[in-house]
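What follows is a short report on a single structure.
The values are calculated or read from the model by the stated rules, or taken from the named source; none is laboratory data. These figures come from a predicted structure and were not determined experimentally. Glycine gets a Cβ as well: all are built from the backbone with ideal geometry, and neighbour counts include every protein chain shown. Ligands, DNA and RNA are excluded from the accessible area calculation, which covers all protein heavy atoms including side chains. Shrake-Rupley method; radii C 1.70, N 1.55, O 1.52, S 1.80 Å.
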Amino acid sequence: MMITPLHRFRDIERTPEYLQPEKCVPPPSRASLGTMWFIRDGCGIACAVVTWMLVFYADFVVLLVMLVPSRDYVYSVINGTLFNTLAFLALASHCRAMLTDPGAVPKGNATKEFIESLQLKPGQVVYKCPKCCSIKPDRAHHCSVCKRCIRKMDHHCPWVNNCVGENNQKYFVLFTMYIALISLHALIMVGFHFLYCFEEDWTKCSSFSPPTTVILLILLCFEALLFLIFTSVMFGTQVHSICTDETGIEQLKKEERRWAKKTKWMNMKAVFGHPFSIAWLSPFATPDQGKADPYQYVV
């Protein structure tokens, strides 16, 4: 069997004997595994907390600095409801992206019993990760932060304190989209508020003093502009990755495509669910992605 250049970058073992199963600890049973997925990484936890604090700060400025003091009741209700709805969806998406197993391969499953259960055929190639001692499915990569192999891993994002992989990519895309939308909405409201305050007395357009109001609005404007650019780029990158069915790591490593090519619409449905509905935009709807068996291997 011919070995392609790509294979030289992966830990290839042709027979069970070379996998050294005696060095692997059997994985825990499914009954003993908890349902909560959470990465204990100090940097990631700090970034996740900062993300929530920034959203709460934006909500504070939008409500108490701009909308509550406004004399236009309809304007305040409509924009307050819209902004808080988008902010709630953004934080809900963040929670789902952070607390959802991204597609981790069972750790330490390269045991003698498991290898024998695969019933490998002569010449069949399987991949072992030497770091987490697991049999790697195709398109899985090891994350040094999560310390696990992740199926269809795109990248590890500290802002959600988790990998973006096969199971949580939808929630990460929704998170970037809703953050971009509330950032744009905040920028528009800041612009209108400045125009209103220039025409009126500054003491009448805010509950705070004029200097404090200006500082709060400038900080919100800077935050909204920064995250609008950042999350818009991430959203576009993720959508492009989904449509081409090629993860960020696969693009970076320029890995040879060895999986079936599908249409863009089929790739979108694989991530967001089938058929197209309002559930695509909901972080509470878990897509039925029809995932392949995680123990399918390349022959």
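Overview of values
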| quantity | calculated |
| --- | --- |
| Single residue of 125, 77, 65 found to be free of Cβ contacts under 8 Å to residues at least 12 places away in the same chain, among the hydrophobic types (A, V, I, L, M, F, W, C) and farther than 30 Å from residue 42 by Cβ | 77 |
| Tally of residues being part of a loop (DSSP other than H, G, I, E, B) and either open to solvent by 80 Å² or more (accessible area, probe 1.4 Å) or among the aromatic types (Phe, Trp, Tyr) (or both) across the range 235-259 | 4 |
| Residues within the range 159-182 that are farther than 30 Å from residue 137 by Cα and crowded, with 24+ Cβ neighbours inside 10 Å, tallied | 3 |
| Unmet requirement for residue 191, which otherwise passes all of (1) free of Cβ contacts under 8 Å to residues at least 12 places away in the same chain; (2) buried (at least 23 other Cβ atoms within 10 Å of the Cβ) | (2) |
| Every pair of residues 6+ apart whose Cβ atoms lie under 6 Å, when the first sits in the range 260-271 and is in contact (Cβ under 8 Å) with a residue 12 or more places away in the chain while the second is assigned to a loop (DSSP other than H, G, I, E, B) and open to solvent by 40 Å² or more (accessible area, probe 1.4 Å) | none |
| The range 196-212: number of residues that are touching a helix residue (DSSP H, G or I) at 6+ places or on another chain (Cβ under 6 Å) and either surrounded by fewer than 15 Cβ atoms within 10 Å (Cβ to Cβ) or part of a helix (DSSP H, G or I) (or both) | 2 |
| The range 249-275: number of residues that are closer than 23 Å to residue 143 by Cβ and of a type in the set (A, V, I, L, M) | 4 |
| Wholly enclosed strands (runs of 3 or more DSSP E) of the range 36-150 bearing at least 2 residues in contact with a helix residue (DSSP H, G or I) (Cβ under 8 Å, 6 or more places away or on another chain), modelled with pLDDT under 95 and buried (at least 16 other Cβ atoms within 10 Å of the Cβ) | 126-129 |
| Subset tally (residues that are assigned to a loop (DSSP other than H, G, I, E, B) and under 27 Å from residue 88 (Cα atoms)) for the range 260-283 | 7 |
